[in-house]
Amino acid sequence: MKEEEKKDIKEENGAANESQAEEQQQTADTEGEALEVELDTAEKKEAEAETKDPLAKAQKEAAEWEKKYLYKCAEFENFRKRTIKEKAELLLNGSEKSVVAVLPVIDDMERALANAEKTDDAKALKEGMELIYKKFIKALEGLGVKAIETTGKDFDVNYHEAIAMVPGMGDDNKGKVIDCTEKGYTLNDKVIRYAKVAVGQ
């Protein structure tokens, strides 16, 4: 066979392959367009069905609300667990502030006890104890603890507990606190211990 004939055959085969490829591409494009049309049609039908069928629309809304409800329930459960954990930690370590306030007083008392062994001066020991006492009272006041005033005050059941009635104290002292046998204290204006007092009769 001549070279020219071979060349013609190759060209014819190439043209045929190109034509076949073009046909396949056109078929694929047509099928793709048809699929898009089908999808669009299906979406339109679904939207129309929801519009026409109130039950389907209600079911869809119900499913959405159920999803939101479950999400909120999970969120609330996490919040509840976190709050319980925080409360437990607060109860466990709530006294930390009080302990930290008292520690310097303990340090002073330990130093005073160590120095007490080295001296026989009662006056110096007394002065040291007074300083420690004042420091301790100041620490308590910083925590909101205050002593309840008693001497010369009118008896008040909200702050005082009468343990004795003292007769013959005169009209001026009637119903007033004569003596305090045990101090009372408040914490942030709440009574934590009533003052035990003797009252004039």
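The values are calculated or read from the model by the stated rules, or taken from the named source; none is laboratory data. Just so it is clear, the structure is predicted and the values come from calculations on it, not from any experiment. For neighbour counting, all protein chains shown are included, and Cβ atoms are generated from backbone atoms with ideal geometry for every residue, glycine included. To get the accessible areas, we keep the full protein, side chains included, count just its heavy atoms, and leave off ligands, DNA and RNA. Shrake-Rupley method; radii C 1.70, N 1.55, O 1.52, S 1.80 Å.
Approximating the spin labels as points 7 Å out from Cα along Cα→Cβ, the Thr119-to-Gln201 distance works out to 4.8 nm.
Share of carbon and sulfur in the accessible area of the range 42-201 stands at 57%, probe radius 1.4 Å.
Once the Cβ-Cβ distance of Val102 and Val166 is raised to the sixth power relative to R0 = 45 Å, the FRET efficiency obtained is 0.80.
Ordered from highest to lowest accessible area with the whole protein assembly present and a 1.4 Å probe, Asp120, Asp172 read as Asp120, Asp172. Cross-link pairs exceeding 30 Å in C-alpha to C-alpha distance, out of Lys97/Lys153; Lys126/Lys196; Lys85/Lys135; Lys126/Lys146; Lys85/Lys146, comprise Lys97/Lys153; Lys85/Lys135; Lys85/Lys146. For Asp179 and Glu89, a Förster radius of 45 Å and the Cβ-Cβ distance give a FRET efficiency of 0.50, rounded to the nearest 0.05. Solvent exposure of Leu90, expressed as accessible area, is near 120 Å², computed with a probe of 1.4 Å over the protein chains only.
Taking a probe of 1.4 Å, how large is the accessible area per residue of the range 44-165, in Å²?
Result: 86 Å² per residue.
For the range 60-201, the dipole from Cβ point charges (+1 on Lys and Arg, -1 on Asp and Glu) about the Cα centre works out to 600 debye, to the nearest 20.
Distance between the 7 Å Cα→Cβ label points at Ala63 and Ile137: 7.6 nm.
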